[in-house]
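Student: This is the structure I want to talk about, given as structure tokens.
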Amino acid sequence: MLRFAPSPTGFLHIGNARVAVLNYLYSKKNDLDFFLRIDDTDNTRSEEKYVDSIYKDLEWLGIKYSKVVRQSSRSEKYKDVFNHLKNKELIYPCFETQEELAIKRKVQLNQGKPPIYDRASLNLNKNEISNLISKGKQPHWRLRLDERSISWNDEIHGEIKFDNLSISDPVLFRSDEMPLFTITSVVDDIDFKVTNILRGDDHITNTAAQIKLFEYLGGQIPKFGHFPLMRSKTGAGLSKRFNSFSINELGKKKIFPIVLLNYLTKIGSSVSIENIDDLEKLKTDFQINHFSKNSVLFDEDDLDRMNSKYLKDLPFDVLKKNFDIDCDKKFWEIIKKNIEKIDEVEEWKQIILNGTDSKVIVSSELLESIKKFIPNEINEKSWKIWTDKILEENIVKPKELFVTIRLLLTGKKFGPSMNELLTLLERKEIFKRIEDNSGK
């Protein structure tokens, strides 16, 4: 059993999506169930619009899940766990403010020590605790880690070992007793029998503490795998603030879902991203041991190139099925090798239908020759016949002539083969464009 557990505090970005994709493919490869968990216990930041966006983004990517679990519906369970841990003295109350903790960390760093919580509150006796509470101080609650070291065989990093003295006792419950991710995640993973957890390597320290929680709560410890974080080209981490990297925005840019799936599955692995495979092949070929331990950079240019390659090879029936585009098969086959993005289909359609109003400087002699030799019948041989006759009569370089006529007809220096493009225009339209767009 695997799960994808986003927090609905912003739009799903490409780093989150990578975690979802890799969990999904791992589950399919190993014939395991996969479900969606919405981590929405933070009611001050969680919003329904982001929940809806998560559903839509996963559907767009083609990721299917067996059920949805919302943590906001499990508050009573978390209260029971709070009372259990409190009664067992596995958590303890702490009264330091954020400012006080920040000062402690600063002092430790200045002394060359790791910024680990000093367990000052653990030394408080019952009378001292009661006195602080009577003064209006409400404690947050930390997990009391024992002194045994923690280790696990990570599916990507291999053996990982932590000395408990090197990590802070994590805060599990806020002063209002609201549970935090560290505890809710473990409680849910136990209750829903999660067997494998794949996530970013920024969670490695969390994992060390959570393994202790699994032990304290009597749960089966899952297998863990921590993927290196995906970063922007500048090396900065991706976050929900980078809306340009959100799945929603990539969809608006007409990135194909299968292209994004390929990119997210293969980046950071030993598998080439050049070939674009269908979902079934991605499932079959998925191997977790192909992934590097090093951080990976999200390069939007690489994604655009992959998208362009896929677009150029796209059959007409697939185009019509996935996009609301009004064009015929002949038009598509002519232009598709010369476009980078799907929006350019409409641009070329307008060029063919309406032409261009740009002016092209052409000598009167060459212009007359161009008009004179327009073939009466327009087919795929017309371009060569037309330009050969013009070249025989004029002193002009072939490339210069070809670009001149292309500009007169389309307003562009580059584009689809003129042999084919010419067949989309009638003779009278060709003549009209040459007349209208030529200057001296």
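Values quoted throughout were computed directly from the atomic coordinates according to the rules given, and no laboratory measurement underlies them. All values derive from a computational prediction rather than experimental measurement. Reconstructed Cβ throughout: ideal geometry from the backbone, glycine too, with neighbour counts over all protein chains shown.
Student: Filter the chymotrypsin sites (Phe, Trp or Tyr not before Pro) in the range 143-211 to those in DSSP coil with at most 13 other Cβ atoms within 10 Å of their Cβ, and list the result.
Tutor: The qualifying sites: there are none.
Student: Right, another one. Please label the shape of the chain as rounded, prolate or oblate, based on the square roots a ≥ b ≥ c of the eigenvalues of the alpha-carbon gyration tensor (a/c under 1.5 means rounded; beyond that, a/b larger than b/c means prolate, else oblate).
Tutor: Cα axes put the chain in the prolate bin.
Student: Here's a follow-up. Taking the chain as a Gaussian network, Cα atoms linked when under 10 Å apart, which of Asn125, Asn338, Asn16 shows the biggest mean-square fluctuation?
Tutor: Per the Cα network of the chain with a 10 Å cutoff, Asn125 tops the list.
Student: Go ahead and estimate [θ] at 222 nm for the chain from helices alone: -39,500 (n - 2.57) per DSSP H run with n ≥ 4, summed, over the residue count, rounded to 500.
Tutor: On the way: 19 runs with 200 residues, N = 440.
For the chain, the value works out to -13500 deg cm²/dmol.
Student: What is the chain's relative contact order, in percent, from Cα pairs under 8 angstrom and six or more apart in sequence?
Tutor: 14 percent
Student: I would also like to ask the following. Counting other Cβ atoms within 10 Å, which trypsin sites (Lys or Arg not before Pro) in the range 1-101 have at most 16 and lie in a DSSP loop?
Tutor: Arg45, Lys64, Lys67, Lys88
Student: Okay, next question. Can you return the aspartates and glutamates within cross-link range of Lys28? Criterion is Cα-Cα under 15 Å, with same-chain partners fewer than 8 residues away left out.
Tutor: Asp278, Glu280, Asp285
Student: Does the range 364-437 come out rounded, prolate or oblate, given a ≥ b ≥ c as the square roots of the eigenvalues of its C-alpha gyration tensor, rounded meaning a/c under 1.5 and, failing that, prolate meaning a/b above b/c? Could the numbers behind the result be given before it?
Tutor: On the way: a/c = 1.24, a/b = 1.20, b/c = 1.03.
Note, shape of the range 364-437 comes out rounded.
Student: Which residue, chosen from Leu297, Leu261, Tyr310, occupies the Cα position most advanced towards the positive end of the dipole of the range 177-327, where the dipole is computed from +1 (Lys, Arg) and -1 (Asp, Glu) charges on Cβ about the Cα centre?
Tutor: Leu297
Student: Excluding residues fewer than 8 places away in the same chain, name every one of the lysines whose C-alpha is closer than 21 Å to that of Lys371.
Tutor: Output for Lys371: Lys359, Lys381, Lys384, Lys389, Lys397, Lys399, Lys412, Lys413, Lys428, Lys432, Lys440.
Student: So if I place +1 on the C-beta of Lys and Arg and -1 on the C-beta of Asp and Glu, and nothing else carries charge, what would the dipole magnitude of the range 364-437 be about its Cα centre? I want it in debye, nearest 20.
Tutor: 200 debye
Student: Let me ask another. Between Asn43, Ser270, Asn110, whose Cα lies farthest towards the positive end of the dipole of the chain when Lys and Arg beta carbons carry +1 and Asp and Glu beta carbons carry -1, centred on the Cα centre?
Tutor: It is Asn110.
Student: Right, something else. Please sort by residue number the GluC sites (Glu not before Pro) in the range 363-440 whose DSSP state is loop and whose Cβ has at most 15 other Cβ atoms within 10 Å. It would help to have the intermediate numbers written out before the result.
Tutor: Details: sites: Glu365, Glu368, Glu377, Glu380, Glu392, Glu393, Glu400, Glu420, Glu426, Glu429, Glu435; in loops: Glu377, Glu380, Glu426.
Answer by residue number: Glu377, Glu380, Glu426.
Student: Glu147 to Leu122: extension gain in nm, 0.36 nm per residue of separation minus the Cα-Cα distance?
Tutor: This chain segment gains 7.5 nm when fully extended.
Student: Once each part is reduced to its C-alpha centroid, what is the distance from the range 52-91 to the range 415-440 in angstrom?
Tutor: 62 Å
Student: Under unit Cβ charges (Lys, Arg +1; Asp, Glu -1), what dipole magnitude, rounded to 20 debye, does the chain have relative to its Cα centre?
Tutor: 380 debye
Student: So for the chain: antiparallel DSSP bridges make up what percent, rounded to the nearest 5?
Tutor: That works out to approximately 50 percent antiparallel.
Student: Can you give me the Cα centroid spacing of the range 357-390 and the range 138-163 in angstrom?
Tutor: 76 Å
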